[in-house]
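Just below is one structure, and these are the notes that go with it.
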Amino acid sequence: MRSLHFQTLPTLTPEIQRPSELLKGEKPNADLEIISNTYGSPLHIDLGKSAAETGTLLHRCFEVLDGREDKTGLLEAATGYSFTDEQKTALQQAVIAFENWCYQTFGKHRVHKEIPVTYQDDAGIIISGLIDLLIETDKGYWIIDHKTRSVKNTDIDFLKFHTQLQGYQKGINNISASPLKALGIGLNWLCDGVFSYVKYQ
């Protein structure tokens, strides 16, 4: 299996946007074939924090934890938060369920977490962001973003973030030195145990 390598970035202009900012003014593509699967039980966890703070903590947990090895003992040092044993167990089970589903769905693959992506678009604007999870297979890449909000309608909610995911996809295709390209994009609604995705090929 080929490893992920990135080319040297070109000289960039000072105007910078995050992929999430690409959502502004964009009309969602309602013709997308969005597939949604339940991979695990909902993650009911109250950290006593604001929605934004909880989201940051849960993102960090999914970055640190490993479904094949118990790394819950690293959570306090990694997040600065004191989780209860019950919370650690719930988080570990959520990660195990998600990773098992990924292996069943995508087959053998490499996992890359928190991948920075920066590229210059056709308008000369720098697009800079961070991919939560990049799954690398022999055929190409899957770009995945973790979402901690509760999903009400998977199709409608996916469309709200489609342009953001497209920004990541263009970045991977532009800066990767590998001939492999993005196979699809997905959202992990981690608090619901649901994964929504769109295949490119």
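A few remarks follow.
- Values of log10 I(q)/I(0), in the order q = 0.13, 0.22, 0.26 Å⁻¹, for region 36-84 under a Debye, Cα-only, solvent-free model: -0.34, -0.91, -1.14
- Computed from the C-beta positions of LEU74 and ASN173, the FRET efficiency with R₀ = 35 Å rounds to 0.55.
- Evaluating 6.51 cos²θ - 1.76 cosθ + 1.60 at θ = phi - 60° for every residue in region 71-80, the Karplus couplings come out as 10, 4, x, 8, 4, 4, 5, 7, 10, x Hz, glycine and proline recorded as x.
- At full extension, SER41 and ILE156 could sit 39.3 nm farther apart than now, given 0.36 nm per residue minus the alpha carbon distance.
- Gain in span if fully extended, THR105 to ALA52, counting 0.36 nm per residue against the direct Cα distance: 16.1 nm
- Once the mean of 1/r is taken over each pair of separate Cα atoms and inverted, region 16-199 shows a Kirkwood hydrodynamic radius of 17.1 Å.
- Going from the residue with the fewest nearby Cβ atoms within 10 Å to the one with the most, CYS61, CYS191 rank CYS191, CYS61.
- Listed by Cβ neighbour count within 10 Å, with the fewest neighbours leading, LEU65, LEU74, LEU159 appear as LEU74, LEU159, LEU65.
- Annotation for region 131-161 versus region 51-70: alpha-carbon center distance of 16 Å.
- Taking a sphere under 12 Å around the Cβ of LYS88 and counting the other residues whose Cβ falls inside, with K and R at +1 and D and E at -1, yields a net charge of -3.
- When the pairs LYS108/LYS181; LYS88/LYS199; LYS71/LYS152; LYS71/LYS139; LYS152/LYS199 are compared against a 25 Å limit on Cα-Cα distance, LYS88/LYS199; LYS71/LYS152; LYS71/LYS139 fall above it.
- Cβ-placed point charges (K, R +1; D, E -1), dipole of region 37-126 about Cα centre in debye, nearest 20: 220
Just so you know, all these numbers are worked out from the coordinates, no wet-lab data involved. Computed from a prediction, not measured in an experiment: that's the story for all the values here. Quick reminder, even Gly has a Cβ in these numbers, built from the backbone with ideal geometry, and neighbours come from all protein chains shown.
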